[in-house]
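The structure appears below as structure tokens.
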Amino acid sequence: MLVKLILLIVCFLIAGAMPSLSGGETAIFGTPIFCLLLGILGAWSIWCCFRGNRHKSFRGWCFIACHCGVGLLLLGAGIGALKSEKTQFAAYIGSAPANELPGPGETSFKLDFSLAITDFKVDFYPPTYDLYEPPSTMGDDYVHVKSFKPDLDGQFNIPLINDDSELKDSNGNWKAQLILPGGKLLHRATQTPKYFEATARIVKKDGTEYEQAFWVNRPLCVDGWRFYLMSYDTQHRSYVALSARRDPGRTLVILGIWLVVIGTSLLCFVGHGKRVSEES
Amino acid sequence: MFTDVSMLILTGFACLLYGIAFVLSLCRRAKASFWVFGLGWIANGLVVIGNYVLCGHPPFGNMYHVLVFWSLCFLPLYCLVRAWRGLGWTLGFFAFASFFPLLGTFFMERNLSWQRVPALQSPWFVPHVLSYMVSYATAAVAAILMLSSLWSKDDAASRRFHDASQSIMRVSLPLMTFGLWSGALWAEEAWGIYWSWDPKETWALITWLLYLASFHVFDSRGGRKRSAFLHLAGFAALLVTFLVVNLLPKFGSALHSYVK
């Protein structure tokens, strides 16, 4: 029965993963029936733990850990889906601290603290330069010939220029374009950011203030809210794109995940030594 | 030392040695096969080191990097299952499995340089990718054994292949579990959402669930054949996750577009 439930969920997943013209295939994952199937799976996983005398052996405890983990994970995800508060917004650099976050539509989220972005830094990898030849027919587009990427020493080794310093302007920034002999054109492709970081000033209700830097993979955590640095204004660097989230189910999900991982590992690795000697 | 040409030669040499190791195992020359496999592994290892030096990051940035590393996983895994499960006779299967990913690298763009974007600069990056690579390597060998089990007309041999396959999957499944759920933890740290129903994530979940179903069915009465089919369905889903999602634009993965 459990296997049939798993296979039914797999069918839904395959349906949702298939590309379609409308692009709305992932809507299937929000349907009540799919959520119900996940709920049944979670409940069944926890119910399995109470069958038999599993608590009397170490493998039994591993089984309980693994299956409880699935239940907790799904429970936490369900709580998060229903009760979490989340929003995405642009935070202008240097603006005054605000204690309200814009929510979806006309809604907003009131905070117990004020937040402002005070600083932003970005560092780039050396760019790629694309070489274009002029078209043979007037009015046609330039023809892309080759792309030049820097080697590990940062050297481009472009045959048509004498030195890489010709690619930089007087301020040391990479030039956007360079006209070469014979009408050829070197065009700077979009630069890949190596690292970017924002600094936030947090002002609590009791008046205490502090600043904290945060970056991708290191969110800013304040009073249950987590702020994620998603992107930034690539043209003028006037704002950063943040995602804010407060998820009451987060602890359950993390606990559930670790129980699943540890329980599965112990179930698979422990207690199979006897089979080895029989097989060999 | 690590130039485009030298890397190509090393890759070809490793591929050739893996192929010879497989042939030797078919000729029941186990010791010679193991030593040739080892030599191929050293050459393969040099390619991985070269990739690391040339791109300056752990070499998991694109399909070429990943396939080269994937081939490297098989010999250590063989040594592990030989010591732990007494499955020394599966050497040929591991040699066969290491040959093909490396051969595949000749048909793709060898993008030796790679710029690691901020989202990938996380302590989760190496464990997440590494655990998946090792688990997929083991699952590949297990699938070959399971196919051999279904193909074999001799009941004893069929059972032997099936049990070996299940035994090897007990190495793969925990790593696959860690890879899957560490990805969720990493996504939460990077973007605030554990799961975004990205095609790669969804197919990875499908793969995991099918293997779980295979294990659940195995111990039940009459479950061997059903377990075998679920196992192979899981491997088919693994191939979709690993190859189809990356290589076919229609299945494109927005979050996992780094690995192309």
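Charge tally around A:P135: other residues with Cβ under 14 Å, Lys/Arg +1 each, Asp/Glu -1 each, net -2. Go ahead and set up a Gaussian network model of chain A, Cα springs under 10 Å, then flag whichever of A:S57, A:S238, A:S170 fluctuates most. Answer for the Gaussian network model of chain A: A:S170.
Helix content alone sets the calculated 222 nm mean residue ellipticity of chain A: runs of n ≥ 4 DSSP H residues at -39500 (n - 2.57) each, divided across all residues, give -10500 deg cm²/dmol. What net charge do the residues around A:V240 carry, taking every other residue with its C-beta under 12 Å from that of A:V240, with Lys and Arg at +1 and Asp and Glu at -1? Here the charged neighbours net out to -1.
The tail of the calculated P(r) for the range A:126-188, taken as Cα-Cα distances beyond 14 Å, holds 57 percent of the pairs. Summarising the overall dimensions of the range B:36-131 from its C-alpha atoms, the Rg and Dmax are 14.5, 45 angstrom. The charge dipole of chain A, taken about its Cα centre with unit charges on the Cβ of Lys, Arg, Asp and Glu (plus for the first two, minus for the last two), comes to roughly 1620 debye.
With a 10 Å cut-off around each Cβ of A:6-17, the average count of Cβ atoms from other chains is 5.
Angle of helix A:2-17 to the longest C-alpha principal axis of chain A, folded into 0 to 90 degrees and rounded to 10: 20°. One compactness figure for chain A is 1.48, namely its Cα radius of gyration divided by 2.2 N^0.38 Å. When the charge dipole of the protein assembly as shown is built from unit charges on Cβ atoms (+1 for Lys and Arg, -1 for Asp and Glu) and taken about the Cα centre, the candidate among B:S6, B:T207, B:G183 whose Cα reaches farthest toward its positive end is B:T207. Between the listed residues B:C15, A:P97, A:A176, the Cα displaced farthest toward the positive end of the dipole of the protein assembly as shown, a dipole computed from Cβ unit charges relative to the Cα centre, is found at B:C15.
For chain B, what is the relative contact order in percent, using Cα pairs closer than 8 Å and at least 6 residues apart in sequence? Walk me through the numbers before you get to the answer.
Details: 327 pairs, mean separation 41.1, N = 260.
Worked out over chain B, it gives 16 percent.
Here the spin labels are modelled as points 7 Å beyond Cα on the Cα-Cβ line, and at A:Y210 and A:S95 they lie 2.5 nm apart. Across peptide B:174-184, the mean count of Cβ atoms from other chains lying within 10 Å of each residue's own Cβ comes to 5. Counting only Cβ charges, +1 for Lys and Arg and -1 for Asp and Glu, the dipole size of the protein assembly as shown around its Cα centre is about 2520 debye.
Among A:I79, A:I33, A:I202, the residue with the largest mean-square fluctuation in a Gaussian network model of chain A, with springs joining Cα atoms closer than 10 Å, is A:I33.
For the peptides B:226-234, B:99-107, B:187-195, A:90-98, residues were scored by their other Cβ atoms within 10 Å and the scores averaged per peptide; the highest-first order is B:226-234, B:187-195, B:99-107, A:90-98. Between A:Y239 and A:I93, A:D233, the built amide H atoms are under 5 Å apart, and every one of these is 5 or more places off in sequence or on another chain. The solvent-accessible area of A:H144, taken with every protein chain present and a 1.4 Å probe, is close to 90 Å². Summing charges over all other residues whose Cβ lies under 14 Å from the Cβ of A:D164, with Lys and Arg as +1 and Asp and Glu as -1, gives -1. Using Cβ point charges alone (K and R +1, D and E -1), the dipole size of the range A:126-188 about the Cα centre works out to roughly 60 debye.
As a check on your grasp of the helix formula, calculate [θ] at 222 nm for chain B: sum -39500 (n - 2.57) over DSSP H runs of n ≥ 4, divide by the residue count, round to the nearest 500. Each step should come with its number before you reach the end.
Working: 9 runs with 186 residues, N = 260.
Value at 222 nm, helices only: -24500 deg cm²/dmol.
Across chain A, the longest run free of exposed loop sites, meaning trypsin sites (Lys or Arg not before Pro) lying outside DSSP classes H, G, I, E and B with no more than 16 other Cβ atoms within 10 Å, spans A:52-174.
Measure nothing fancy, just the Cα-based angle from helix A:58-83's long axis to the longest principal axis of chain A, in degrees from 0 to 90, nearest 10. So the inclination is approximately 60 degrees. In this label model, B:H216 and A:A15 are separated by 1.9 nm, measuring between points 7 Å along each Cα→Cβ vector. Considering the range B:130-260 at the alpha-carbon level, its Rg and Dmax are found to be 15.8, 53 Å.
Taking all protein chains as they are arranged and a probe of 1.4 Å, the heavy atoms of A:I28 leave approximately 40 Å² accessible to solvent. Percent of Cα pairs in the protein assembly as shown per distance bin of 20 Å, from zero to the largest separation: 18, 46, 30, 5, 0. Separation of the range A:81-99 and the range B:26-46, taken as the distance between their Cα centroids, equals 57 angstrom. Ligands, DNA and RNA excluded, the heavy atoms of A:C268 present near 10 Å² of accessible surface to a 1.4 Å solvent probe.
Computing FRET efficiency as 1/(1 + (r/R0)^6) for B:L150 and B:W35, where r is the C-beta to C-beta distance and R0 is 30 Å, gives about 0.40. Quick one: Debye curve from the C-alpha atoms of the range B:1-90, no solvent, what's log10 I(q)/I(0) at q = 0.18, 0.20, 0.23, 0.26 Å⁻¹? Result of the Debye calculation: -0.80, -0.92, -1.09, -1.26. Fully extending the segment from A:T190 to A:S136, taken as 0.36 nm per residue of separation minus the present Cα-Cα distance, adds 16.8 nm. Ranking of B:V240, A:V253 by solvent-accessible surface, largest first: B:V240, A:V253 (1.4 Å probe, protein heavy atoms only, all chains present). Computed from Cα atoms, the angle from the helix A:32-48 axis to the main principal axis of chain A rounds to 50 degrees.
The values are calculated or read from the model by the stated rules, or taken from the named source; none is laboratory data. What you see is a predicted model; the values in this text were computed from it and never measured. All Cβ positions, even for glycine, are placed from backbone atoms using ideal geometry, and neighbour counts span all protein chains on display. In case anyone asks, the SASA skips ligands and DNA or RNA and just uses the protein heavy atoms, side chains included. Shrake-Rupley method; radii C 1.70, N 1.55, O 1.52, S 1.80 Å.
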